[in-house]
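**Student:** Below you'll find the structure I mean.
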Amino acid sequence: MIQQHTSSPVYKAEVDTVRRDRPPARMAPQTEPAAADEAKRQLQRRRHPLIRLFGSVRFGITLMSLILVYASLASALPQVRGALEMTEMQIFRHWIFVALCVLLAISLTVATITRIKFNMINAGVLTVHTGLLLLIGGSIYYFGTKIEGDVVLRSPRIELIANVAGEERVIATILADEASSWETFMPAFGGDVSLTVTGAEHDDTGALQRCAVEARMGNGTVEPIELTANGAAASFGDERLQARLISYPAVTEFYDNETPTLYVREAGAAESVDLPVEGLPIYRERYLDKGYVLQDRDGNAMPSKRSSPHVELAGINIPTKGLEHWRLPIKLSDERLPFDMTITGFVPYIADLKKVAVGGGSENNPAINLELSAGNMSRTFSLFANSPKDSLIPASIPIEFRVVDSVAEREALLSKLVGAHELTVEVKDPPAKATFAIRAGDVIPIEGTPYQLTIKNVMPSWPLMTPGFENAVSPMASVDVTNGELSYNRTVIQRFPHLSQDIDEKGVRHREGPYDPNLVLNYRSSANGWMMLVAVPNEPMLLGVFDATGRVHRFELPVGQTQTITVGRTHLDLTLADYFPRGRYLHTPVIEPLDRRRPNIAARSMSSIRVEFAGKGELDGWQDTRWCLFSQYPHVDARPLSFETPDGRNWELIYSRLAHELGVDIAARKLSVTYFPGRQNVESWRSDFVVVDGPSAKPKPGMVYTNETCKAGAWTLFQSGAAKDNWSYTILGVGNRNGIIPMVLGCVLITIGCWYAFYVKPILKKRRKATA
């Protein structure tokens, strides 16, 4: 059989003849004028500029490209989110992303109606477009309503308490769960001490109420004891050991990851005033200028980034409030509070809080801010003359700040020493007074008296524990004294001579006063160098620099002036930045340097905010400023800011996260872990708990573990964190999943539509062509 080539003129002529001879196709039952009118209307619709725009394939591709670029930059680059002060969730609920998605949905809808015929051949593209619309709608719903946070479940526990020298101490803690046990060897209590939980009883919410325990001490018999939650401790053995049951109520709330909240309450009050804070920064140091610049722990200045949403172009500030939702200051007010609050600063990562001297105190409290510079390093210290601890910088060369009433007192403080260590001795009866240069081991007879002194040792930095002087330090000399009748040791404190104490022959320390008031000793030292700033009313500030031989060099140090000094081989530049006769403390953050910050920590978990208080009503005119540390949970290990208002009322402010109702009660059971071989690292965590859906509902068990969730009311629970000891508490992540089903269905339809368009549609077209 000879096959004729289909492109030959003969073949085309035969086909044309067949087509001319074929009867015309049967038309739809529509008149020619009606069909013409319909075609005209479609043409007019396509000519409308908006329909042409939204039905354009190029416009749709442009929108998809913009969405891709937006998602890639905002999601993949943390620098972008940091500059905009938005989390990843906030990025995808931003009005720009929503607008792009809505425009794409409109473009898909218009293009589908105006450009695609509804038939089986186009079923693939119609399915893809339907899937895209579902995906867009589901994502807008998901990000627009997404709430995610966590809740901490503290496991019930039994505390083992030992009575040591009349003081109770918790020496062990175990999980209060059936079959839990603990045992260790304790020689002080006769050998092995063990606790075994044999039974547990829970209330209607699932919280532990009572448990039965078998306890044994040393070689004694096993004693059964009953423990009640948060009740009195039960003794066993020889009464030196006790066991106490600690249980925690079921939780009913979780805490939002994104919305910070201030919890304000009067000290001792059960209820608080909760004030959500909208627009607080997250990632950058941002604070309004209040006359000082924060520093990191190395002493480097950490100035504020932009303190308002704007960009600067050619020296012109262009507001960007429409693009960035953060702001400063943030004003907060509530009619239940006698004051308003304004947040004027935020720092994301602090290492500590330090005291800074500011003016405006209500009483006489001299304070200075002193800047020290050595080479490229510079630090600012705040000193308060009335504070034993904060009046001294305990550096290698200490710097002390003193305020005296007269020039004569200042001259005595800044007088030359007779040596590196100086001891002034005064005997009242018979009267005698002398000053000696001393060193450890010297024996000094006091002429004309029966006293003989032996210098036992000298210490450049002696820590004080006397109430009111805690954590203060001072040089100290330990002197053994004999006078023929008494023999004792006296510790002589340089900075606080009245705190010097005697230890008599029997080893008794005389804290209430000197054992021998007839002898007065005063000690001064400059062995390592010593600097002293002395202020006198209506006189210039004087700086005395003592060298290692006891000689002193004096300098006037007015406010704002820098003085260069040399002590040994150390060269320092000192600047008296501020002097406040009525100073007060302002705790300011010490910022962690960028290269030492831990990555991937929870947002705001290491942050601090500056809050300004302004009284209203009876407190009108009162103002105060404080920095407040972040607390991960407002009621668990919170770090409240305590302050007092002029009316004598004490308040607490907790900076934490917004609470949401769970709608169910969740009570902790236990946290379990699975280790990798070798038990060095944890492979997975499992949290067991009970859930009560309502007042009349029965508790039902629940659990989550790595990659396994649990449904509780309207929320999904998942494993989020755990205690380092792997049992004392667990952290459950809590979130909703609105829009997941439409998005999954959309993805399925897109897959099916693509499969249909690439595999089924060509088959249908071939069949139609073959039929034709």
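**Student:** Using a cut-off of 13 Å between beta-carbons, work out the net charge of the residues near Ala577 (Lys and Arg +1, Asp and Glu -1, Ala577 not included). Don't skip to the end; give the middle numbers.
**Tutor:** On the way: positive: Arg379; negative: Glu371, Asp573, Asp578.
Residues close to Ala577 contribute a combined charge of -2.
**Student:** What is the distance in Å between the Cα centres of segment 682-741 and segment 500-517?
**Tutor:** 62 Å
**Student:** Next question. So which aspartates and glutamates pass the test for Lys416, namely a Cα distance under 19 Å, with those fewer than 8 places away in the same chain ruled out?
**Tutor:** Of all the aspartates and glutamates, those that pass the test against Lys416 - Cα under 19 Å, at least 8 places apart if same chain - are Glu400, Glu426, Asp547, Glu556.
**Student:** On a full-extension model of 0.36 nm per residue, what is the gain between Thr259 and Met377, subtracting their alpha-carbon distance, rounded to one decimal in nm?
**Tutor:** On the way: separation 118, 0.36 × 118 = 42.48 nm, distance 3.85 nm.
Contour length minus the Cα-Cα distance gives 38.6 nm.
**Student:** What shape does segment 525-680 take by its C-alpha gyration tensor, where a ≥ b ≥ c are the square roots of the eigenvalues and a/c under 1.5 counts as rounded, a/b above b/c as prolate, and the rest as oblate?
**Tutor:** In terms of gyration-tensor shape, oblate.
**Student:** Here's something else I'd like to know. Residues of the chain: accessible area per residue at 1.4 Å, in Å²? Please list the in-between numbers first.
**Tutor:** Numbers: 42190 Å² over 772 residues.
For the chain, the per-residue accessible area is 55 Å².
**Student:** Let me ask something additional. Along each of its three principal axes, how wide is the spread of alpha-carbon positions in segment 705-744, in whole angstrom units, largest first?
**Tutor:** 41, 18, 10
**Student:** Could you tell me the relative contact order of segment 290-355? Use alpha-carbon pairs under 8 Å, at least six residues apart, and round to a whole percent.
**Tutor:** 18 percent
**Student:** OK, next. Along the three principal axes, how long is segment 715-772 when you take its alpha carbons, biggest first, rounded to the nearest angstrom?
**Tutor:** Sorted largest first, the three principal extents are 77, 21, 8 Å.
**Student:** Please give the net charge around Lys146, taking every other residue with its beta carbon less than 13 angstrom from that of Lys146, where Lys and Arg add +1 and Asp and Glu add -1. Numbers along the way, then the final one.
**Tutor:** Details: positive: Arg93, Arg737; negative: Glu88, Glu148, Asp256, Glu258.
Here the charged neighbours net out to -2.
**Student:** Can you work out ³J(HN,Hα) from phi for every residue in segment 474-486, in order, using Karplus 6.51 cos²θ - 1.76 cosθ + 1.60 and θ = phi - 60°, giving whole Hz and x for Gly and Pro?
**Tutor:** Residue by residue, segment 474-486 yields 7, x, 9, 10, 9, 10, 8, 10, 9, 9, x, 10, 10 Hz.
**Student:** Sticking with this structure for a sec: Once both axes come from the Cα atoms, what is the angle between helix 9-21 and the longest principal axis of the chain, in degrees from 0 to 90, rounded to 10?
**Tutor:** For 9-21 against the chain, the angle is about 80 degrees.
**Student:** Just the Kirkwood number for segment 157-216, please: inverse of mean 1/r across all distinct Cα pairs, in Å, one decimal.
**Tutor:** By the Kirkwood definition, the hydrodynamic radius is 12.7 Å.
**Student:** Right, next: Output the 0 to 90 degree angle, nearest 10, between the alpha-carbon long axis of helix 95-115 and the longest principal axis computed from the alpha carbons of the chain.
**Tutor:** That helix lies at roughly 10 degrees to the long axis.
**Student:** Suppose the Debye formula is applied to equal point scatterers at every Cα of the chain; what is log10 I(q)/I(0) at q = 0.08, 0.09 Å⁻¹?
**Tutor:** Here the Debye-derived log intensity ratios amount to -0.99, -1.14.
**Student:** Report the per residue volume, in Å³, of the convex hull enclosing the C-alpha atoms of segment 191-254.
**Tutor:** With only Cα atoms used, segment 191-254 gives 93 Å³ per residue.
**Student:** Using 0.36 nm per residue of separation minus the Cα-Cα distance, give me the extension gain between Thr114 and Asn230 in nm, one decimal. Provide the component values of the computation, followed by the final result.
**Tutor:** Details: separation 116, 0.36 × 116 = 41.76 nm, distance 7.21 nm.
Between Thr114 and Asn230, full extension yields 34.6 nm more.
**Student:** So how much slack lies between Lys416 and Val682, counting 0.36 nm per residue of separation and subtracting their Cα-Cα distance, in nm?
**Tutor:** That pair, Lys416 and Val682, stretches by 89.3 nm at full extension.
**Student:** Find the percent of Cα-Cα distances in segment 238-377 that exceed 28 Å, and round it to a whole number.
**Tutor:** 46 percent
**Student:** Kindly state, to the nearest 0.05, the FRET efficiency for Asp442 paired with Arg169, given R0 = 30 Å and r defined as their beta-carbon distance.
**Tutor:** Values: r = 44 Å, r/R0 = 1.47.
So, using R0 = 30 Å, E works out to roughly 0.10.
**Student:** Continuing with this model, one more query. For segment 510-584, what are Rg and Dmax over the alpha carbons, in angstrom?
**Tutor:** In Å, with Rg to one decimal and Dmax whole: 16.9, 48.
**Student:** On average over all directions, what projected area in square nanometres does segment 505-554 have, based on the convex hull of its Cα atoms?
**Tutor:** Projected area, direction-averaged: 6.4 nm².
**Student:** Let me ask you something else. Based on the Cα coordinates of segment 251-311, what is the per residue volume of their convex hull in Å³?
**Tutor:** Considering the Cα atoms of segment 251-311, their hull volume per residue is 191 Å³.
**Student:** Right, next: Which percentage, to the nearest 5, of the DSSP beta bridges contained in the chain is antiparallel?
**Tutor:** Restricted to the chain, the bridges split so that about 95 percent are antiparallel.
**Student:** If you don't mind, another one. List, in order, the whole-Hz ³J(HN,Hα) value for each residue of segment 221-234 obtained from phi through the Karplus relation with A = 6.51, B = -1.76, C = 1.60 and θ = phi - 60°; use x for Gly and Pro.
**Tutor:** Taking θ as phi minus 60°, the curve returns 7, 6, 10, x, 10, 10, 10, 10, 4, 6, x, 6, 6, 9 Hz for segment 221-234.
**Student:** Give me the percent of the accessible area of segment 161-234 that comes from carbon and sulfur atoms, probe 1.4 Å, all protein chains in place.
**Tutor:** 45 percent
**Student:** Using only alpha carbon positions, build the gyration tensor of segment 56-109, then give the equivalent ellipsoid semi-axes as the square roots of 5 times its eigenvalues, largest first, whole angstrom.
**Tutor:** Square roots of five times the eigenvalues give 24, 11, 6 Å.
**Student:** Tell me the mean residue ellipticity at 222 nm calculated for the chain from its helices only (DSSP H runs of n ≥ 4, each -39500 (n - 2.57), averaged over every residue, nearest 500).
**Tutor:** Taken over the chain, the calculation gives -6000 deg cm²/dmol.
**Student:** Across segment 638-772, what fraction of all alpha-carbon pairs, as a whole percent, falls in each successive 10 Å bin from zero upward?
**Tutor:** 9, 22, 20, 18, 13, 9, 6, 2, 1, 0
**Student:** Another question about this same structure. Measuring from label point to label point, each 7 Å out along Cα→Cβ, what is the Ser728 to Ala432 span in nm?
**Tutor:** Distance between the two pseudo-spin positions: 6.0 nm.
**Student:** For an R0 of 51 angstrom, estimate the FRET efficiency from the Cβ-Cβ distance between Tyr141 and Asp620 and round to the nearest 0.05. Please report the intermediate quantities before stating the final value.
**Tutor:** On the way: r = 48 Å, r/R0 = 0.93.
After rounding, the FRET efficiency stands at 0.60.
**Student:** Sticking with this structure for a sec: Based on the alpha carbon coordinates of segment 465-524, what radius of gyration and maximum Cα-Cα distance (Dmax) apply, in Å?
**Tutor:** My reading of the Cα-based Rg and Dmax gives 11.6, 37 Å.
**Student:** Mind jotting down the three principal axis lengths of segment 88-239 based on Cα atoms? Whole angstrom, largest first.
**Tutor:** On the principal axes, segment 88-239 reaches 92, 33, 29 Å in Cα extent.
**Student:** To continue, here is another question. Taking just the alpha-carbon atoms of segment 334-470, what radius of gyration and Dmax come out, in angstrom?
**Tutor:** 22.6, 76
**Student:** Treating only the Cβ atoms of Lys and Arg (+1) and Asp and Glu (-1) as charged, compute the dipole magnitude of the chain about its Cα centre; round to the nearest 20 debye.
**Tutor:** Dipole magnitude for the chain comes out near 6120 debye.
**Student:** For the pair Ser461 and Ala212, what calculated FRET efficiency results from E = 1/(1 + (r/R0)^6), where r is the Cβ-Cβ distance and R0 = 45 Å, to the nearest 0.05? Walk me through the numbers before you get to the answer.
**Tutor:** On the way: r = 54 Å, r/R0 = 1.20.
Computed FRET efficiency for Ala212 and Ser461: 0.25.
**Student:** Would you mind telling me the share, in percent, of accessible area of segment 710-750 contributed by carbon and sulfur at probe 1.4 angstrom? Before the final figure, lay out each step's value.
**Tutor:** Details: 1280 of 1900 Å².
Carbon with sulfur: 67 percent of the solvent-accessible area.
**Student:** Cα centroid distance between segment 255-307 and segment 540-568, in Å?
**Tutor:** So the separation of the two Cα centres works out to 39 Å.
**Student:** Would you mind computing Rg(Cα) / (2.2 N^0.38 Å) for segment 431-565, counting N as its residues?
**Tutor:** On the way: Rg = 17.6 Å, N = 135, 2.2 N^0.38 = 14.2 Å.
Expressed relative to 2.2 N^0.38 Å, the Cα Rg reads 1.24.
**Student:** If you don't mind, there's one more thing I want to ask. Given the pairs Lys146/Lys305; Lys456/Lys506; Lys354/Lys724; Lys305/Lys616; Lys305/Lys389, which are separated by over 24 angstrom at their Cα positions?
**Tutor:** Among Lys146/Lys305; Lys456/Lys506; Lys354/Lys724; Lys305/Lys616; Lys305/Lys389, the Cα-Cα distance tops 24 Å for Lys146/Lys305; Lys354/Lys724; Lys305/Lys616; Lys305/Lys389.
**Student:** Can you check what the net charge comes to around Val473, using other residues whose Cβ is under 9 Å from the Cβ of Val473 (Lys, Arg +1; Asp, Glu -1)? Provide the component values of the computation, followed by the final result.
**Tutor:** Numbers: positive: Lys389, Arg495; negative: none.
Surrounding charge for Val473 is +2.
The values are calculated or read from the model by the stated rules, or taken from the named source; none is laboratory data. Fair warning: this is a prediction, and the values are worked out from it, not measured in the lab. So basically every Cβ, Gly included, is an ideal-geometry build from the backbone, and we count neighbours across all protein chains shown. With ligands, DNA and RNA removed, areas are computed over all heavy atoms of the protein, side chains included. Shrake-Rupley method; radii C 1.70, N 1.55, O 1.52, S 1.80 Å.
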